[in-house]
Every structure is written in C-alpha cells, then in structure tokens.
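To start, the structure itself, in structure tokens.
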Amino acid sequence: MMAILMPAMMVSSAAYAGSVVQVTDSSGQPVLDAVVYAELASVPQPAKMANAEIQQKDKKFMPFVTVVQTGTSVSFPNNDTVRHHAYSFSPAKPFELKLYSGKPAAPIVFDKAGTVVVGCNIHDQMVAYIHIVDTPYFAKTDAAGTARLPNMPAGKYVLKTWHPKQPTTASVQEQSLQMDSNNPAVTVKLNYKAV
C-alpha cells in the first residue's frame, strides 16, 4: 500500500514551471503594469520576509506599480534634488514620510493585503501604487502585457488580476487556474480601455 501512495504523494508536491499570463484591455491591447497573482484555493500562504524599493527620481515614483507579498518592507529613497513628502491614506497601510532627502531611517512594512496609493504632499503629479498580496506567486505585466508567475506546486489556484486604471468600483478579476504538467498560457481580458 505504501509503495502505491509514495509516487502519488511525490506527484502532488511537484512544482511546475510558472504560468505565462497575457493581459489585455477590453479592445485586445496589451496592458502594462497589471498585477497577476495566484492563490491556492485551499491553503493560506505564509508571509515571507522580503524587501522592495520605490525610488523618487525626476519628481516621479519608480516603479509606478509595485506588487509585494504581505510582510514585505518597502523603502522609499529620494534620489531627487528636491525634498519629497511621501504618504498614503489607504486603509491597507496609511503612512507618512515627512519632507526628506536621501533614504528614510526605516522602511515601511506592508502587513495587510490590499492596494496602497502613494502620493507626494509637495508634488501632486507624483503617484504610485503598491498591491499587497497574500501569496508568493505574483508578477507584473511588461509592455507586451505578459507576466510570468514563478514555479508553483501542483494544485488548484484562483488567479487574480488587478490594474490601477480599472474603475475604483471594479473588484479584482478572478478565474480558476489548475497547475499541473500541462499548464497552458492564460489570457485575461480586463474591462477597461488602456489607451
């Protein structure tokens, strides 16, 4: 009996190459900076300690969209010749980094899933988005609208897609994703026009 169960257990815990996700807008055009992430349908994913960075340069936050796993520390270095005042009133993580140059003393830990809109209290045109997810399986689309999820264990997932330019009333788009040895490319069409 054990000899029969062992191969089955090995197959179920195998990791497969990550899935390729193609994201388009309602007219079929590729979408840049869409966040895609896969959550196991039955098992919560533990948070991992990680670091990320959003720079301030040329009176812009870079990158415009950042995706991190819950528990990630994000630093906000100011590489501009002027001081900035980075802040957010978003429920997922309100914070304020008052007028500063260089690197703030401590990064901000994003410990709750959700979306954070970051602004500068001095330069209104400066905006960035941080999407915090409860899974290590996430990616962001490139200019061709393509994202590559990392290697994932076999199983049933819920694939979620989010973009900052979707209407604020729109919820995160969801669809089923089955990871196995035949994981095909996935296409997601968002309900908004990118151009």
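The values are calculated or read from the model by the stated rules, or taken from the named source; none is laboratory data. Because the structure is a prediction, the values reported are computed rather than measured. For neighbour counting, all protein chains shown are included, and Cβ atoms are generated from backbone atoms with ideal geometry for every residue, glycine included. Just so you know, the surface numbers come from the protein's heavy atoms only, side chains and all, with ligands and any DNA or RNA stripped out. Shrake-Rupley method; radii C 1.70, N 1.55, O 1.52, S 1.80 Å.
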Taking the Cα-to-Cβ direction at residue 168 and at residue 96 and moving 7 Å from each Cα, how far apart do the two end points lie in nm? 2.0
Report the extension gain between residue 81 and residue 185 in nm, rounded to one decimal, defined as 0.36 nm multiplied by the number of residues separating them, less their alpha carbon distance. 33.0 nm
Relative contact order (%) - criterion: Cα under 8 Å, at least six apart; region: segment 47-131: 32
Expressed per residue, the solvent accessible area of the chain in Å² (1.4 Å probe) is about 54
What FRET efficiency, computed as 1/(1 + (r/R0)^6) with R0 = 35 Å and r the Cβ-Cβ distance, is obtained for residue 121 and residue 175, rounded to the nearest 0.05? 0.35
Could you check what % of the DSSP bridge pairs in the chain are antiparallel, to the nearest 5? 75
Treat each spin label as a single point 7 Å out from the Cα along the C-beta direction, and report the residue 64 to residue 52 distance in nm. 1.6
Roughly how tilted is helix 2-12, in degrees to the nearest 10 and between 0 and 90, from the longest Cα axis of the chain? 30
By the scheme Lys and Arg +1, Asp and Glu -1, what is the net charge of all other residues having a beta-carbon under 13 Å from that of residue 99? 0
Sparse-neighbourhood loop sites, chymotrypsin sites (Phe, Trp or Tyr not before Pro) in segment 85-129 - DSSP loop, at most 14 other Cβ within 10 angstrom: 89
The chain - percent relative contact order, Cα under 8 Å, separation 6 or more: 33
Under the rule of -39500 (n - 2.57) per DSSP H run of 4 or more residues, summed and divided by the residues of the chain, what mean residue ellipticity at 222 nm is obtained, to the nearest 500 deg cm²/dmol? -1500 deg cm²/dmol
